[in-house]
Amino acid sequence: MKQAEQLTLPLASPPDLTELFRRVFSRLRIKSPITSIDAQFHPFAGLRSTVSVRNGALRARVSDLLAEASPVVIEALAEILLARIFRRRPSREARECYLAYTFRPAIRTRIDAARRERGTKRLLPPRGRHHNLEEIFHDLNHRFFHGEIPPSRLGWSHQFASRILGHYDSGHATIMISRKLDSPSVPRYLVEYVVYHEMLHIRIPVERRGQRRVVHSREFREAEKKFPQYELACRQLKHMCA
């Protein structure tokens, strides 16, 4: 029996971004004297998009991860970007539309994959001069998470960052801790608290609340308070960042 041939349909071509941005610019009735608009897709390492204006020329670069999105989604992003640079407030509809698209599980998976493939994460080894991040991670995983947090790449930052003492990157499955904490004057429990905070980001996903992405939800805050020296650690870190 002859196998039936499968009809393949051509993929829809990406929209003309320049024309799309020009249309949104006109719809918003922006008074700024713009002489030209150039908008292109760009292979960013994530869902990043930029817009700038110089000498009357508007230049926009949109993540190519949005190339397959519907024109409605890209128009929503165009409105958000144009509103940002011309100091306007984008409409609720634009924010809702764009946020709903970027929160789709399939899109989040593509974003993480692109960040792994295109981006790099430079870390110092987890064994520092005074604190061992791998040892701390495994101890916390056993004490607070029943060993259920998957192994992550751990390391110290290259810079002595004072404002961002820890960061979890879901795209690279990486926990980075500021080298400022790898000091004999910093007690172990303080490093443990920062690592514990970043491990919570692995356990508790980001929530959507209206038009916002809530990174530190109520569930996150309640779990954070279960760390034994929570209040003392918060006070010391606040003093350190100041």
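The values are calculated or read from the model by the stated rules, or taken from the named source; none is laboratory data. None of these values were measured; they are calculated from a predicted model. With ideal geometry, Cβ positions are generated from the backbone for all residues, glycine too; neighbour counts draw on all protein chains shown.
Quick notes
- When residues of segment 104-142 are limited to those that are within 27 Å of ASP64 (Cα to Cα) and loosely packed, with under 12 Cβ neighbours inside 10 Å, the one modelled with the lowest pLDDT: THR120
- Residue in segment 95-104 that is charged (D, E, K, R), under 22 Å from ALA45 (Cβ atoms) and either assigned to a loop (DSSP other than H, G, I, E, B) or outside the structural domain of TYR193 (by TED's automatic domain parsing) (or both) present: yes
- Flag for ALA69 being of a type in the set (A, V, I, L, M, F, W, C), surrounded by 13 or more Cβ atoms within 10 Å (Cβ to Cβ) and assigned to a loop (DSSP other than H, G, I, E, B): yes
- Among the residues of segment 54-66, the ones that are surrounded by fewer than 15 Cβ atoms within 10 Å (Cβ to Cβ) and either of a type in the set (A, V, I, L, M, F, W, C) or part of a strand (DSSP E or B) (or both) come to 2 in all.
- A single entry from GLU198, GLU207, GLU192, GLU231 fulfils the requirement of being within 30 Å of SER91 (Cβ to Cβ) and among the acidic types (Asp, Glu): GLU207.
- Top-ranked residue of segment 143-184 - restricted to ones that are of a type in the set (Val, Ile, Thr) and under 17 Å from CYS241 (Cα atoms), ranked as modelled with the lowest pLDDT: ILE164
- Yes/no for ARG48 being under 29 Å from THR174 (Cα atoms) and assigned to a loop (DSSP other than H, G, I, E, B): yes
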